[in-house]
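K.L.:
Structure below; questions to follow.
The values are calculated or read from the model by the stated rules, or taken from the named source; none is laboratory data. Note that the structure is predicted; figures quoted are calculated from it, not measured. Neighbour counts run over all protein chains shown; Cβ positions are idealised from the backbone, glycine included.
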Amino acid sequence: MTEASDPDRKRADAEALDWIIALQEAPEDLEARARFDQWRAAAPANARAWVESARIYEGLGEVSPVHSEHWSRLRGRHDAASIVLIPGARRRRTTPGTRSEARRASGKGRAPIAALLSAAAAALVVVLAAPEAVLRWQADAIAGTGELRTMTLEDGSHISLSPGSAVSIDYSSAERRIGLLRGQAWFDVQDDPRPFRVAARHVETTDIGTAFEVGLTDGATRVAVGHGIVRVDDARTGRTISERLVAGQDVSVDPAGKALLGTAPPELIGAWRDGRLAVQDRSVSEVVDALRPWHRGIILVRPGALAGRRVTGIYDLQDTAGALGALTKASGGRVTQITPWLLILSDG
């Protein structure tokens, strides 16, 4: 797939803004929504621009939840027409087909909103692009959104990367060292005189003939063993966190080095490789973090009690919208679909 040219990107960005405003002004206009769907599907640049515009608006606090009557129509429909509500916008019946039509529908309010979006977009690019560039420079392998990536190393060991994950690989005559830079990975290690070590932040896991996973979240580094044994150390202090972590055991280590041991059925450790997310006594925000790399869009959790509620269950990673529906049902929340790519979780 070729990337859109700069003029195409600029056109798509401008048209996405026009559509945000036009759909707000005519939320019940089915013809407008059908034409919007046609525009969005007409070019990859259009779909990209729509997702990025929605992301920027939400970050500025401009997106409000879709009314419940809209959600009842959208529930269960992944190809539903998109609705973004912008507080204070006038409501008029419009059916934009071209950019000029959409501009007329949006009225004089477009200029300040466009300036705001442009400034926010520029800031977003600077904030997001720099860390991603550093990550790509450090990584030897990266899995894309929704992509499961499996590779065989020179010694016959296997690594499986969950979507969005990244690793560095450094094999020497003295050791086999993997750096988990982002996300989570499953390691199936072959016997070799050299030790096999995985470094994730300050947590270092040494294989003792096993298959195990290591994952990074905002709040912790987690190691779980599918079979065999690993040793887990704090690389900053040299302290051993767990001398022998065996099949069915896991340990989560926070940034301060505090470790929490847990257990899980061995067959559910690394279940994400089969499209299942198995969680036990995890917060809603932790589950959402695990689902995000599998969703081709944005998942947001509004401030409130929902994020901290604890859940246990198995969720379908191939149907993130359905998984979020099951998650919120179990935790007393609700899901609002702004577009097929933008889902917002809030208290019920």
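K.L.:
Return the total of residues in segment 268-284 being surrounded by 17 or more Cβ atoms within 10 Å (Cβ to Cβ) and either under 21 Å from Val223 (Cβ atoms) or among the small types (Gly, Ala, Ser) (or both).
P.N.:
Summing the residues that are surrounded by 17 or more Cβ atoms within 10 Å (Cβ to Cβ) and either under 21 Å from Val223 (Cβ atoms) or among the small types (Gly, Ala, Ser) (or both) in segment 268-284 gives 10.
K.L.:
Do the conditions hold for Pro303, that is, is it in the same structural domain as Thr237 (by TED's automatic domain parsing) and modelled with pLDDT under 90?
P.N.:
When the stated conditions are applied, Pro303 does not pass them.
K.L.:
Based on this model, can you work out whether Thr328 counts as of a type outside the set (Asp, Glu), crowded, with 18+ Cβ neighbours inside 10 Å, without any contact (Cβ under 8 Å) to a residue 60 or more places away in the chain and out of contact with any strand residue (DSSP E or B) (no Cβ under 7 Å at 6 or more places or on another chain)?
P.N.:
It is false that Thr328 is of a type outside the set (Asp, Glu), crowded, with 18+ Cβ neighbours inside 10 Å, without any contact (Cβ under 8 Å) to a residue 60 or more places away in the chain and out of contact with any strand residue (DSSP E or B) (no Cβ under 7 Å at 6 or more places or on another chain).
K.L.:
Here is a list: Val167, Val127. Which entry is surrounded by fewer than 12 Cβ atoms within 10 Å (Cβ to Cβ), within 20 Å of the chain's Cα centre (by Cα) and either modelled with pLDDT of 95 or more or on the phi < 0 side of the Ramachandran plot (or both)? Working first, answer last.
P.N.:
Details: Val167 fails: surrounded by fewer than 12 Cβ atoms within 10 Å (Cβ to Cβ).
Sole residue among the options that is surrounded by fewer than 12 Cβ atoms within 10 Å (Cβ to Cβ), within 20 Å of the chain's Cα centre (by Cα) and either modelled with pLDDT of 95 or more or on the phi < 0 side of the Ramachandran plot (or both): Val127.
K.L.:
For segment 336-348, give me each residue that is aliphatic (A, V, I, L, M) and in contact (Cβ under 8 Å) with a residue 60 or more places away in the chain. Write out each step before concluding.
P.N.:
Start the filter on segment 336-348 by keeping residues that are aliphatic (A, V, I, L, M), which leaves 338, 342-345.
Correct list: Ile338, Leu342, Ile344, Leu345.
K.L.:
Among the residues of segment 177-197, is there at least one that is in contact with a helix residue (DSSP H, G or I) (Cβ under 7 Å, 6 or more places away or on another chain), among the polar types (S, T, N, Q) and closer than 29 Å to Leu291 by Cβ?
P.N.:
no
K.L.:
What tally of residues in segment 220-261 results from selecting those that are of a type in the set (A, V, I, L, M), surrounded by fewer than 18 Cβ atoms within 10 Å (Cβ to Cβ) and closer than 19 Å to Gly179 by Cβ?
P.N.:
1
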